[in-house]
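Bear in mind that the values in this text are calculations on the coordinates, not laboratory data. Predicted, not measured: the structure shown is a model, and the values here were computed from it. Note that each Cβ is placed from the backbone with ideal geometry, even for glycine, and that neighbours are counted across all protein chains shown.
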Amino acid sequence: MVRKTALIALLVFFTTGITGCRDSDAPRKVNLEKRETLPQQVEPHVSGKPLRIAVGGMITPREGFAYYREFLDYIGAKAGRKIEFIDREKYEEVNQLIRSGDIDVAFVCAGPYVDGHAAFGMELLAAPQAYGKSVYYSYIIAAKDSPIVRFEDLRGKVFAFADPDSNSGRLVPEYMLADMNETPDGFFKRYIFTYAHDKSIKAVAEGIVDGAAVDSLIWDYADKTNPQYTKMTKIIRKSPPYGIPPVVVRPGLDPGMKSMLKKIFLHAHEDPAGREIMKKMMIDKFVVIQDDAYNSVREMKSWVAQQRKKGTQAK
């Protein structure tokens, strides 16, 4: 049944014109699974202007959304503010909303933080600690029964990136390719963007693509909580560690509010209620993180940008 489903999916990809992203082909969004918006939950004892908090669809698998929503309600209750929960699938959309002041707080990826900090002063609030560390990795995965055992074996294959602005799901594998004097256009037969790491895992498991780059935290979470698709995949390469996706705030957020939110995040693990929610999120606690934790991401971005420029000039 899985092979039949994969064959049908592949036919859909090819007959609808999804091809490698060349000069004439814009990246196509693959909607493998519709994401649901959870209902707003407002505690009756909180009031005032709502805090607008975003958790992008790429940060957690769909089944983990409920726990993030529960944690945001916890934050709101502690802060004495209503919470306006904002769900976006693309990192770019979240960054734009933070820049415009339409979002106060957001859970973002390392790459978009670096971009937002440079472009408009996006500010760090805290960072999760998982498995005892505030780092994560990019996993390059392939199907469990595939003969593909190395990243190099993906030459001429179909590959899934997560989001165009993702560190683990786009920048890291592109950096790996640049280190091999290769580009995605020249190395892969074609590539797609799924806009969610769990969708990339599913795409590999069902044979829609041959390989994918995914966030280690999301793969590990899914493998421990609902391994339906992770058990059908294997990790063929693990990147060096990078600064973990942080919690950020918009520039200009009231300093008092920022200080209060920071205290709530940093001490949530000391509260039985907060600790229980974070356990379900597979987060040990939230910690202070410095901007230089993301310097390796900046270096990769700079180097890959130079390689892209050289490739463009060579055409």
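Miscellaneous remarks
- Computed from backbone phi with θ = phi - 60° and the Karplus coefficients 6.51, -1.76 and 1.60, the 3J(HN,Hα) list for segment 191-202 is 9, 9, 10, 9, 6, 6, 5, 5, 5, 5, 4, 5 Hz; x is used for glycine and proline.
- Within the shell of other residues whose beta carbon sits under 12 angstrom from the beta carbon of K301, the net charge comes to -1, with Lys and Arg scored +1 and Asp and Glu -1.
- Reachable lysines from K144, criterion Cα separation under 24 angstrom, eight or more residues apart if same chain: K4, K157, K189, K199, K202, K224, K231, K234, K238
- Proximal aspartates and glutamates to K49, defined as alpha-carbon separation beneath 20 angstrom and excluding residues fewer than eight positions away on the same chain: E70, D73, E84, D87, D102, D104, D254
- Once the C-beta distance of F120 and D254 is scaled by a Förster radius of 22 Å, the resulting FRET efficiency is 0.80 to the nearest 0.05.
- Modelled spin-label separation between K238 and K49, with each label point placed 7 Å from Cα along the Cα-to-Cβ direction: 4.5 nm.
- Taking the Cα centre of segment 155-310 as origin and assigning +1 to Lys and Arg Cβ atoms and -1 to Asp and Glu Cβ atoms, the resulting dipole is close to 280 debye.
- Integer Hz, Karplus 6.51/-1.76/1.60 couplings in order for segment 262-267, x for Gly and Pro: 4, 5, 5, 4, 5, 10
- Relative exposure of I283, I141, judged by other C-beta atoms within 10 Å (fewest first): I283, I141
- Pair K133, E276: separation of 7 Å Cα→Cβ label points (nm): 3.2
- For segment 297-307, Karplus couplings with θ = phi - 60° (6.51, -1.76, 1.60), whole Hz, Gly/Pro x: 5, 4, 5, 4, 4, 5, 5, 5, 4, 5, 5
- Once the Cα-Cα distance is subtracted from the 0.36 nm per residue extended length, the Q306 to K189 segment shows a gain of 39.8 nm.
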